[in-house]
1. Packing-wise, with mean Cβ within 10 Å as the measure, how do 339-345, 153-159, 207-213 rank, highest first?
2. List, in order, the whole-Hz ³J(HN,Hα) value for each residue of segment 23-34 obtained from phi through the Karplus relation with A = 6.51, B = -1.76, C = 1.60 and θ = phi - 60°; use x for Gly and Pro.
3. For segment 78-183, what mean projected area does the convex hull of the alpha carbons give, in nm²?
4. Would you mind telling me which residue in Lys203, Lys100, Lys325 has the biggest mean-square fluctuation in a Gaussian network model of the chain, where springs connect alpha carbons within a distance under 10 angstrom?
5. Which far-off residues, 5 or more places away or on another chain, put their amide H under 5 Å from the one on Leu176, with H placed in the peptide plane?
6. Could you tell me the accessible area of Arg228 in Å² (1.4 Å probe, neighbours in place), rounded to the nearest ten?
7. Over the chain, what is the relative contact order in whole percent, taking alpha-carbon pairs under 8 Å and six or more residues apart?
8. In whole Hz, what ³J(HN,Hα) sequence does segment 52-68 give by Karplus (6.51, -1.76, 1.60; θ = phi - 60°), x for Gly and Pro?
Amino acid sequence: MSSDPAVILKPGKAKALQNRHPWVFSGAVAAWPESAEAGGLVQVLSHDGRFLGRGYLNRRSQISVRILTFDPQEAIDPDFWLNRLDRAAALRQDITATSKTDMLRLIHAEGDGLPGLIVDRYGDWLAVQFLTLGMDSRKALLTELLDRRFQPAGIWERSDTDVRRLEGLRSESGLLSGEPPPERLVLQEEGIRFAVDIRKGHKTGFYLDQRENRLKAKRWFHSLGEGRLLNAFSYTGAFGICALTAGLSHVTQIDSSAAALELASENARINGFDPESRTTAVSGDVFQVLRTFRDERRRFDAVVLDPPKLASNRGQIIPASRGYKDLNLLAMQLLRPGGLLVTFSCSGLIGPDLFQKILFAAALDAKRSVQILDWLNQGPDHPVPLYFPEAHYLKGFVCRVN
Ligand code: SAH
């Protein structure tokens, strides 16, 4: 029914799309259409001519087609995009019914059937990332639809991320529509206030994926009653502020970014905690700082480890596993008996099973008996389609280190 140019797959390569996985790798393609433009719509057919899906093309990327629909009858017109926005918005309505927050991921790319598009809500503003050529070339349309659907005060682009290079795109950021956001927005999440820098902060300004985990961590910190937290890879100190709110007496925030640590002090202040007496900011490399602390025989009642992604490709899985093991071993050595370890990996390539094995190896070396108390994941505004398990990247454990 479609007149979109056809991408024809090699024999035996239809399975992934039949299983509704939304990526077509260049190696699976037998024949490319002559007329298709970069970023334009194509239909993907099996070698014997069966319709498999419709999506957008980028021959410069290893992921040459990203599928938008598996339904042969569904056209990719403005209604299509609006329907997807509506579907994503309905899910978030359910989430905000149980969660008190001004900040939320509205569109999570493949997780919401919109590969290459990230939209985050920060109060009255939206922060947007166009990660693929297909989405980038629809920027004007999507901005207009986002304006219409969500009526924000302004839409700010944060397409300043390395993954765009894989698509042949440059970094871009700035105002797309409405009013520019203030340099610091003060927003609330579950009763805690956070200063967020949408323009220059990491990702689109805040680690929204950790919202549920901050809430859970707060409960576990509360169970300690009092004590000192070491918050490693603290960024703007969010887990640390949760710990102070839960009644811990002191937080040591460690990060390599001085700007993040400054914002962490501000975050303590705006929640009524004196950053001078209740926090210590350590600017440096966590691996080195933890070693120094261990050699100085320092002890903490709780440790949070939330490192950046250590494995970006398969070749990095082994060195990254070593990195995670070192970090967790050091953290266990720094904990007093009965202390709490809240530890994360946001590397999609390191699954929960492997991460648990890494913790096992760290515990053996530390000669500590460790119990898992809680399993943590990215929040429900970062949904994972069963057809696309790669969307599950953030996992963590709350452990008691005896
Ligand atoms: N826990 C934070 C998010 C952490 S993101 C939150 O909940 O908001 C990872 C942080 O680690 C970033 O702030 C980055 O600046 C910092 N970082 C990356 N590598 C580091 C290193 N080797 N030593 C110290 N900090 C590092």
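1. Peptide ranking by packing, descending: 339-345, 207-213, 153-159.
2. Calculated HN-Hα couplings, in order: 10, 10, 7, 4, x, 8, 8, 8, 9, 9, x, 7 Hz.
3. Seen from a random direction, the Cα hull of segment 78-183 projects 6.6 nm² on average.
4. Result: Lys100 has the largest fluctuation of those listed.
5. Sorted by chain and number, the residues that satisfy this are Ile155, Trp156, Glu157.
6. Spelled out: Arg228, probe radius 1.4 Å, area about 100 Å².
7. Computed value for the chain: 11 percent relative contact order.
8. Karplus values, whole Hz, x for Gly and Pro: 10, x, 10, x, 10, 9, 8, 6, 6, 9, 5, 8, 7, 10, 10, 7, 9.
The values are calculated or read from the model by the stated rules, or taken from the named source; none is laboratory data. Keep in mind it's a predicted model, so treat the numbers as computed, not measured. Virtual Cβ from ideal backbone geometry, glycine too; neighbours counted across all protein chains shown. SASA here: full protein model, heavy atoms, side chains in, ligands and nucleic acids out. Shrake-Rupley method; radii C 1.70, N 1.55, O 1.52, S 1.80 Å.
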